[in-house]
Amino acid sequence: MSLLVADAPELDLPGRSLVVRGPSPLDGTVEVSGAKNSVLKLMAATLLAEGTYRIANVPRITDVGLMAELLRAVGCKVELPAADSDGPLVVEVPAEIEPVAPQGVVDQFRASIEVLGPMLARCGEAVVALPGGDDFGPRPIDMHLQGLARLGVEAETVDGYVHARVQELRGGAIRLDFPSVGATENLLMAAVRAKGTTVIDNAAREPEVSDLCEFLNKMGARIEGSGSSTLTIKGVDHTEALRPVDHSVVGDRIVAATYLAALGIATGEIVVTGVDLDHMAVLCGKLSDMGMEISAEGESIRACVSGRLSSAKFSTLPYPGVATDLKPLLVALLSTADGVGSVTENLFAERFRYVDDLRLMGADIRIDSHHVVIEGRERLSAAKVKAPDIRAGAALVIAGLGAQGETTVSDAHHIARGYDDLAGKLNSLGADVSRC
Ligand code: UD1
C-alpha cells in the first residue's frame, strides 16, 4: 500500500527479514510506546464527533497506518506523527462521514471492525467489510452483532460485508457470553449515543478497554464501571454534543512483556519504562516465581535475570489473567528455562503456528490439544525461520537472542504491525539485530 510507505518510511516492508546474532545478554533502558490494542480503537472512536483530535504516545506500527487509511476512506484527514517527532497523531473528522469501510483496508487488520459501533452511532447505518488480522483460527463477530441487536440494530452479512442500520439506538441490557474485548468496545461506542441506559455485563476488563472508556468520557460520554465486568452507559443524545479531545495512549503491556521475556532468555538487567506494572501483575508474579527479579521503580519496571530461569505453567485468560497474545513469547521463554513447563490456551484454539520454527531452533515442544508442553533446553541453535504473525514473529526474534549463531526471521513486516522498532530497541539493550 503506497500511502503507508510514504507515511512511515522506516517501517519493515514485506520481504524484509530480521537477523539476530546471539547469544547476548541485555542491559539498559527501553521505552515502550502506546498500546496497539488501544490506539486503533481510539482512532475508531473519533468518528463519533466532528472536530480535531490529538492522540499522543502513538506507536509507529503499520496497523496505525492502516487505521489512518480507513479513516481517510470515510472522509477524515489524518496526520501521522513525523518520523523524528514525538508529536501527536491528528485526526480531523468532518461534519459528514461516509459510513462505508471498504475491503482492501479492513481485511488487513482485526481492529477495523471497531468502526461499526461509531458509524452506527453517528450515521444510523454502516457498511463494513469483514475484518482480517492475524490468522490463528476463526475470529467471529457474532457477539458484536448480537449486542448491537439489543440496541436496536438490524444487520446482515452479504458478500463479505456487514450491512447494519438502526432508526434510533436505544439503551438495553447486554450480557456477553464471553468477555470479548472487541465486542465490549464496539458496543460501548454505539451505546454512548443510545437513548437511555445500556448495561454491558461480563464486559472485558482489559486496560485498553479502560483507556477507551476514559477517552469517551472525556468526549462527554457517561460511562461508569470502567475496569470492571459491568459497564453502565447513560446515552448522550444528539442534542448534547460529544466533543473532540486530546489523549495519550496507555502503555503497551504486551510489548513490555516481550522485553521481559527477551530478558528471561538472554539474561541481564533492564528497565522498561512507559507501562504500568499493575497491568502486568499476574505475568510478573509468574516471572518472579521463575526466578526473575522484578520491581517497580517509579513509573518503570526494573528486571534482572542472572542465570537460567526455572520452568512454569501458564494459562491464558481474559484480563487480569495472562494475555493470549503472550503465548508464543512464553513458549519461546520456556524453551530455554530449566525443567518442563506448559502454556494452556483458552482463547484462540489455533495459536500454534510458530511451534515448528521454534523446533527448528532446537526447542522441545509438544502440543496436546490446547496445551503446549515445553521441555527447556540449555541453549537453542540459530535457524532460518518465518514470522507467521505479530507476536509469534517477536517470539522467534527473542528466541534468537538465546540461540548460538545467526537466526534469520523472514516476513518481519508482520512484526512491524504491532512493534515500534523492535530491532532498534533490542539493539539499544545490547542485542545484535539487523534488517536485511
Ligand atoms: C483483541 C486483541 C487481541 C487479543 C484479544 C484477546 C485487538 C485489535 N486485538 O482481539 O490482540 O488477543 O483481544 O485479548 O485489540 N469471540 C467470539 N465472537 C465474537 C467475538 C469474539 O466468539 O463476536 C471469541 C474469539 O473467537 C475469542 C474470544 O472470543 O475466542 C476473545 O476474542 P476477543 O476478546 O473479541 O478478541 P479481539 O477483540 O478480536
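Okay, here's what the table says:
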{"quantity": "Given (1) open to solvent by 10 Å² or more (accessible area, probe 1.4 Å); (2) farther than 28 Å from Asp364 by Cβ; (3) in contact (Cβ under 8 Å) with a residue 24 or more places away in the chain; (4) not basic (Lys, Arg), number of the condition Ala416 does not satisfy", "calculated": "(1)"}
{"quantity": "Selection status of Glu185, surrounded by 24 or more Cβ atoms within 10 Å (Cβ to Cβ), within 16 Å of Ala221 (Cα to Cα), within 16 Å of the ligand (Cβ to nearest atom) and not hydrophobic (A, V, I, L, M, F, W, C)", "calculated": "yes"}
{"quantity": "In segment 297-342, the residues that are within 15 Å of the ligand (Cβ to nearest atom), surrounded by fewer than 22 Cβ atoms within 10 Å (Cβ to Cβ) and without any contact (Cβ under 8 Å) to a residue 40 or more places away in the chain", "calculated": "Ser315, Thr316, Leu317, Gly321, Thr324"}
{"quantity": "Every residue from segment 140-157 that is in a loop (DSSP other than H, G, I, E, B) and away from the ligand (no atom under 12 Å from the Cβ)", "calculated": "Leu151, Gly152, Val153"}
{"quantity": "Lone qualifier among Pro328, Pro320 - being within 18 Å of the chain's Cα centre (by Cα) and in a loop (DSSP other than H, G, I, E, B)", "calculated": "Pro320"}
{"quantity": "Hits in segment 343-371 (condition: away from the ligand (no atom under 16 Å from the Cβ) and within 19 Å of Ser311 (Cβ to Cβ))", "calculated": "Val355, Leu358, Arg359, Met361, Gly362, Ala363, Asp364, Ile365, Arg366, Ile367, Asp368, His371"}
{"quantity": "Any hit, segment 168-179, residues being within 12 Å of the ligand (Cβ to nearest atom) and at pLDDT below 95", "calculated": "no"}
{"quantity": "Positions within segment 158-182 being assigned to a strand (DSSP E or B), surrounded by fewer than 22 Cβ atoms within 10 Å (Cβ to Cβ), free of Cβ contacts under 8 Å to residues at least 40 places away in the same chain and not basic (Lys, Arg), in sequence order", "calculated": "Val158, His163, Ala173"}
{"quantity": "Residue, nearest to the ligand (Cβ to nearest atom), within segment 198-214, restricted to residues that are open to solvent by 10 Å² or more (accessible area, probe 1.4 Å) and part of a loop (DSSP other than H, G, I, E, B)", "calculated": "Glu206"}
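The values are calculated or read from the model by the stated rules, or taken from the named source; none is laboratory data. Everything numeric here is computed off the predicted structure, so don't read it as measured data. Here Cβ is always computed from backbone atoms with ideal geometry, including for glycine, and neighbour counts include all displayed protein chains. The protein model used for the area step is the full one, side chains on, heavy atoms only, and it has no ligands, DNA or RNA in it. Shrake-Rupley method; radii C 1.70, N 1.55, O 1.52, S 1.80 Å.
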